[in-house]
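K.L.:
The following block contains the structure, expressed as structure tokens.
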Amino acid sequence: MSLLDDVNRIEKEASEKIMQAVGDDGLTAIQVKYLGRKGELTAILKGLKDLSVDERKKIGAAANKIRVSLEAKIKAAKEQSSTKSSDSFFDPTLPGTGNYVGAAHIVTQSIDEICAIFHGMGFEIAKGPDIETDYNNFEGLNFPPDHPARDEQDTFFVEGGRVLRTHTTPVQTRMLHSRKPPIKCITPGKCFRNEAISTRAHVAFHQVDGFLVDQGVTMADLKGALISFCRAYFGDGLKFKIRPSYFPFTEPSWEIDISCFLCKGEGCQVCKYSGWLEILGCGMIDPNVLEMAGIDSEKHTGYAFGMGVERPAMLKHGINDVRLFFNNDVRFLRQFR
């Protein structure tokens, strides 16, 4: 048998073994046997120096071509073997692991629910920026220059004389200055106040404010809207009460309290042992606010209200610490998926 026949035999024999090999170890053994330092094809290439020039060229070219071909086949077989090995760990009889699907945060759910109730009463939804001008946040809402809410202990100030809005009522200022009555809006969003964080308060929180300006609007309209909201959101089981209060932008003003969901009115830390929790403030829009917006207060009247989102959610879902809304604890959040 000539050397050329031996080279062809090696190609055929090695190719068949590569196809039959199992795993990387088997392929490595074939590589060593034929292409290694002491391999059969390597021995032929080393013996080329003893051949004539014509035989050396002919057999050397064939041997090198086969060497390259076998190396490519072994590499491809190893890659295929690796893929099969990873697939072999899959057991179709095992139960699936499942995927965790995200859901809206409980605060977002509460905002959507509150907005849906008022939207059903005909309120449109309006939004504004988190950073506001002093005029929109205070002056346009009838806050006198010496009002405590202007103090830097309560408000976060930013460059240019602007503030992080302390309530969402500045959207009311914007709407009154850009629209003509009748106007009927609710304004959900995030607010910021420089307060100590506790079970009942946080530096960042959410509010939904609302207002109606038209001819002939009375406190009876305000009371009817808010009682309807309380019944739709909390159900008929909880008690609520209306008491006089004070806000710079409404006159007269009220606050509405809900009986504490956690202690059933007996008194606890959340309700400061009073049995009641304030959920919103409201009242008739002060004529000064309307006049500053260019609206004739002799012809038009209006009411306004504002509520936090976290506190009604705490009442409704029996949550005793407002900080739970902001801690990103998955165990807490999964309860409201």
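K.L.:
I'd like to check which helices (runs of 4 or more DSSP H) are fully inside the range 263-337 and have at least 3 residues that are touching a residue at least 40 places away in the same chain (Cβ under 8 Å).
P.N.:
Result: 287-292, 310-317.
K.L.:
Could you please let me know if D296 is surrounded by fewer than 17 Cβ atoms within 10 Å (Cβ to Cβ), within 17 Å of Q109 (Cβ to Cβ), assigned by TED's automatic domain parsing to the domain that holds R231 and among the acidic types (D, E)?
P.N.:
No.
K.L.:
Of everything in the range 48-64, what is of a type outside the set (A, V, I, L, M), closer than 15 Å to S2 by Cβ and touching a residue at least 12 places away in the same chain (Cβ under 8 Å)? Give them in sequence order.
P.N.:
Matches in the range 48-64: E55, K58, G60.
K.L.:
Would you mind stating whether A14 is assigned to a helix (DSSP H, G or I), within 11 Å of I74 (Cα to Cα), touching a Leu at 6+ places or on another chain (Cβ under 7 Å) and not polar (S, T, N, Q)?
P.N.:
Against the criterion (assigned to a helix (DSSP H, G or I), within 11 Å of I74 (Cα to Cα), touching a Leu at 6+ places or on another chain (Cβ under 7 Å) and not polar (S, T, N, Q)), A14 qualifies.
K.L.:
How many of the residues making up the range 86-133 are among the acidic types (D, E), over 30 Å from R231 (Cα atoms), in contact with a Lys or Arg (Cβ under 7 Å, 6 or more places away or on another chain) and outside any loop (DSSP other than H, G, I, E, B)?
P.N.:
Of the residues in the range 86-133, 1 are among the acidic types (D, E), over 30 Å from R231 (Cα atoms), in contact with a Lys or Arg (Cβ under 7 Å, 6 or more places away or on another chain) and outside any loop (DSSP other than H, G, I, E, B).
K.L.:
Tally time: how many residues in the range 36-55 are in contact with a Lys or Arg (Cβ under 9 Å, 6 or more places away or on another chain), surrounded by 13 or more Cβ atoms within 10 Å (Cβ to Cβ) and part of a helix (DSSP H, G or I)?
P.N.:
Count: 5.
K.L.:
Of the residues G98, G39, only one is closer than 30 Å to F325 by Cα and without any contact (Cβ under 8 Å) to a residue 12 or more places away in the chain; which?
P.N.:
G98
K.L.:
Now a separate question. If you go through the range 217-241 one residue at a time, how many are in a strand (DSSP E or B), loosely packed, with under 15 Cβ neighbours inside 10 Å and among the hydrophobic types (A, V, I, L, M, F, W, C)?
P.N.:
Looking only at that region, the number is 0.
K.L.:
Which condition from (1) surrounded by fewer than 20 Cβ atoms within 10 Å (Cβ to Cβ); (2) under 21 Å from E139 (Cβ atoms); (3) modelled with pLDDT of 95 or more; (4) not aliphatic (A, V, I, L, M) is the one that D214 breaks?
P.N.:
(2)
K.L.:
Oh, and also: For the range 113-139, name all the residues that are within 22 Å of R323 (Cβ to Cβ) and not aliphatic (A, V, I, L, M).
P.N.:
E113, D130
The values are calculated or read from the model by the stated rules, or taken from the named source; none is laboratory data. Predicted model, so just to flag it, every value in this text is computed and none were measured. Positions of Cβ are backbone-derived with ideal geometry, glycine not excepted, and every protein chain shown enters the neighbour counts.
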